[in-house]
Amino acid sequence: MISYGRHNQDTPETGTPASSAASDEHIAPAPRVSVQAFCESVETAAAVQAAGEDRRLAKAHLKIQMGGMAAAIEAYRSAPTPNVIILETDPRSDILAGLDQLATVCDPGTRVIVIGKVNDVTLYRELVRRGVSDYSIAPVEPIDVVRSICNLFSAPEAKAVGRIIAVVGAKGGVGASTISHNVAWAIARDLALDSVVADLDLAFGTAGLDYNQDPPQGIAEAVFSPDRVDTAFVDRLLSKCTDHLSLLAAPATLERVYDFGSEAFDSIFDTLRATMPCIVLDVPHQWTGWTKRALINADDILIVAAPDLANLRNTKNLYDLLRAARPNDRPPLYCLNQVGVPKRPEISASEFAKAIESQPIVSIPFDPQMFGLAANNGQMIAEIAASHKVTDMFLQIAQRLTGRGEAKKPKGGLLGPILEKLRAK
């Protein structure tokens, strides 16, 4: 038996490989691994090449060559095998005999993904018995290859890798931070999903004010000490806001200049992914290597825009760039904020939708009294106006970004209203 690795993809009762999931499924990024593909057809080679450009395989080193099984056997007679081998098989050849021959030159622990055209339950079971990690039916799409590689390093029994949600304003002052904080609150409170807000605006961040927190440490300690970043270190930097919500606060001081390289936050995000199911990034309105990288590598993106021409242009530019850079992800979402300012000419939601070719997820009305009160009190909108339609909008955004429905709240009986008031205080 080949000790390539453990098969980790469920199969239906028919014995055929599991069908592809929806395009908006959460696929955890692969670690820093080496992957070598041996293809029989140019179509499969093109799909693997496109997969290698996906954000989730950014750390993987991918090499592609033609020749299929025979080329793989010949290549590894005198060279060590990589972490993952992708083999496209010729239906006219004996796949099992080829795998047995490959096993004689394959290093222990190497994982094998087979791409074939034979949809046969007996063959499939034999591949699993020999330790093949995954089997896909050709033709394959890039997202199929991404899923196969990433799933090899995401064991079903392991804790799910966290989903990163990035929120960014199309223009300064559009309320992106306020929306990101309220959406994170809805994710934590209404969806009962453990979450953390990372305030990336180190000089002027407002998350600490909005959540009425003043932690002595925060994200600056992590980004300026990359060698110390691990789970225990980041846990010490988190400030607990509620049972399900934590904050990685910005210092909001000007003693330092916050210039970073494009990969400065990678270790922080990787550590948060390993410990938190949901990470909400409050991304400042600036265009640098690290902000672009944070947006492209996020699992989901929300763009916040005000209804004017500059916001429309910037939203269109952001939307198009991110969609092109993330071809295997669902497109970014966007919402309109501060809609209905008295006497201000505005661009309608329908005009936004026509230009961007996508509908806004919500249009949040201009309400300076409610938002100003919440900001000055260090509270969320749900705390001061639980039944307001804007509170429902934040929950709607939270559900769309996480792909979850509203959590069912237990009935509180006669003490329910009293307990709710106590929690609010």
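The values are calculated or read from the model by the stated rules, or taken from the named source; none is laboratory data. Since the model is a prediction, treat every value here as computed from it, not as a measurement. Cβ sites come from the backbone with ideal geometry, for glycine too, and all protein chains shown count toward neighbours.
Of these, ALA249, ALA274, ALA306, which one is within 29 Å of ASP190 (Cα to Cα), modelled with pLDDT of 95 or more and in contact with a helix residue (DSSP H, G or I) (Cβ under 8 Å, 6 or more places away or on another chain)? Even if it seems obvious, please write down each step before you answer.
Working: ALA274 fails: modelled with pLDDT of 95 or more; ALA306 fails: in contact with a helix residue (DSSP H, G or I) (Cβ under 8 Å, 6 or more places away or on another chain).
That would be ALA249, the only listed residue that is within 29 Å of ASP190 (Cα to Cα), modelled with pLDDT of 95 or more and in contact with a helix residue (DSSP H, G or I) (Cβ under 8 Å, 6 or more places away or on another chain).
Can you find, within region 223-242, the residue that is nearest to GLY205 (Cα to Cα) among those that are touching a residue at least 40 places away in the same chain (Cβ under 8 Å) and out of contact with any Phe, Trp or Tyr (no Cβ under 7 Å at 6 or more places or on another chain)?
Step by step, filter region 223-242, then rank; the result is LEU238.
Those residues that are out of contact with any strand residue (DSSP E or B) (no Cβ under 9 Å at 6 or more places or on another chain) and free of Cβ contacts under 8 Å to residues at least 60 places away in the same chain, I need them from region 392-404; list them, please.
Result: ASP392, GLN396.
Does region 105-113 include one or more residues that are at pLDDT 85 or above, assigned by TED's automatic domain parsing to the domain that holds MET69, of a type outside the set (Lys, Arg) and under 20 Å from ALA50 (Cβ atoms)?
yes
In this structure, is GLY52 more than 26 Å from PRO327 (Cα to Cα) and not hydroxyl-bearing (Ser, Thr, Tyr)?
The answer is no for GLY52.
Going by what's in this entry, would TYR258 be described as under 21 Å from ALA398 (Cα atoms) and either among the hydroxyl-bearing types (Ser, Thr, Tyr) or not assigned by TED's automatic domain parsing to the domain that holds ALA186 (or both)? Full working, then the answer.
On the way: under 21 Å from ALA398 (Cα atoms): no; either among the hydroxyl-bearing types (Ser, Thr, Tyr) or not assigned by TED's automatic domain parsing to the domain that holds ALA186 (or both): yes.
Here the answer is no, as TYR258 does not meet what is asked.
Looking at PRO345, PRO368, PRO332, which is the one that is outside the structural domain of VAL145 (by TED's automatic domain parsing), surrounded by 16 or more Cβ atoms within 10 Å (Cβ to Cβ) and at pLDDT 95 or above? I'd like the intermediate steps shown before the answer.
Values: PRO345 fails: surrounded by 16 or more Cβ atoms within 10 Å (Cβ to Cβ); PRO368 fails: surrounded by 16 or more Cβ atoms within 10 Å (Cβ to Cβ).
One residue alone meets the criteria, PRO332.
Among the residues that make up region 77-90, is at least one of them at negative phi and in contact with a Leu (Cβ under 6 Å, 6 or more places away or on another chain)? Break it down into steps so the answer makes sense when it comes.
Step one: of region 77-90, the residues at negative phi are 77-90.
Within this subset, residues satisfying the condition of being in contact with a Leu (Cβ under 6 Å, 6 or more places away or on another chain) are none.
No, because not a single residue in region 77-90 is at negative phi and in contact with a Leu (Cβ under 6 Å, 6 or more places away or on another chain).
Just to verify a result, which residue in region 348-365, among those that are aliphatic (A, V, I, L, M) and buried (at least 16 other Cβ atoms within 10 Å of the Cβ), is nearest to the chain's Cα centre (by Cα)? So that I can check it myself, show each step before the final result.
Step one: list which residues in region 348-365 are aliphatic (A, V, I, L, M), which gives 349, 353, 355-356, 361-362, 364.
Then keep just the ones that are buried (at least 16 other Cβ atoms within 10 Å of the Cβ); that gives 349, 356, 361-362, 364.
On the way: ALA349: 27, ILE356: 22, ILE361: 19, VAL362: 21, ILE364: 25 Å.
This residue is ILE361.
Within region 80-186, which strands (runs of 3 or more DSSP E) (wholly inside it) include 1 or more residues that are touching a residue at least 60 places away in the same chain (Cβ under 8 Å) and farther than 30 Å from HIS388 by Cα? Step through it out loud before you land on a result.
On the way: elements: 84-88, 111-116, 134-137, 163-169.
By residue number, 84-88, 111-116, 134-137.
Considering only region 357-380, I want to know if a residue exists there that is out of contact with any Gly (no Cβ under 8 Å at 6 or more places or on another chain), more than 22 Å from ASP190 (Cβ to Cβ) and in contact (Cβ under 8 Å) with a residue 40 or more places away in the chain.
no
Just to verify a result, which residue in region 258-281, among those that are under 14 Å from the mean Cα position of the chain (by Cα) and crowded, with 22+ Cβ neighbours inside 10 Å, is nearest to PHE224 (Cα to Cα)?
LEU272
A quick yes/no check of all residues on (1) among the acidic types (Asp, Glu); (2) surrounded by fewer than 20 Cβ atoms within 10 Å (Cβ to Cβ); (3) modelled with pLDDT of 95 or more; (4) in contact with a helix residue (DSSP H, G or I) (Cβ under 8 Å, 6 or more places away or on another chain):
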{"site": "ILE149", "(1), (2), (3), (4)": "no, no, no, yes"}
{"site": "PRO156", "(1), (2), (3), (4)": "no, yes, no, no"}
{"site": "ALA160", "(1), (2), (3), (4)": "no, yes, no, no"}
{"site": "ILE164", "(1), (2), (3), (4)": "no, no, yes, yes"}
{"site": "VAL174", "(1), (2), (3), (4)": "no, no, yes, yes"}
{"site": "SER177", "(1), (2), (3), (4)": "no, no, yes, yes"}
{"site": "ALA192", "(1), (2), (3), (4)": "no, yes, no, no"}
{"site": "VAL197", "(1), (2), (3), (4)": "no, no, yes, yes"}
{"site": "LEU200", "(1), (2), (3), (4)": "no, no, yes, yes"}
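Could you please give the count of residues in region 202-236 that are closer than 12 Å to ALA252 by Cβ, surrounded by 15 or more Cβ atoms within 10 Å (Cβ to Cβ) and of a type in the set (Asp, Glu)?
1
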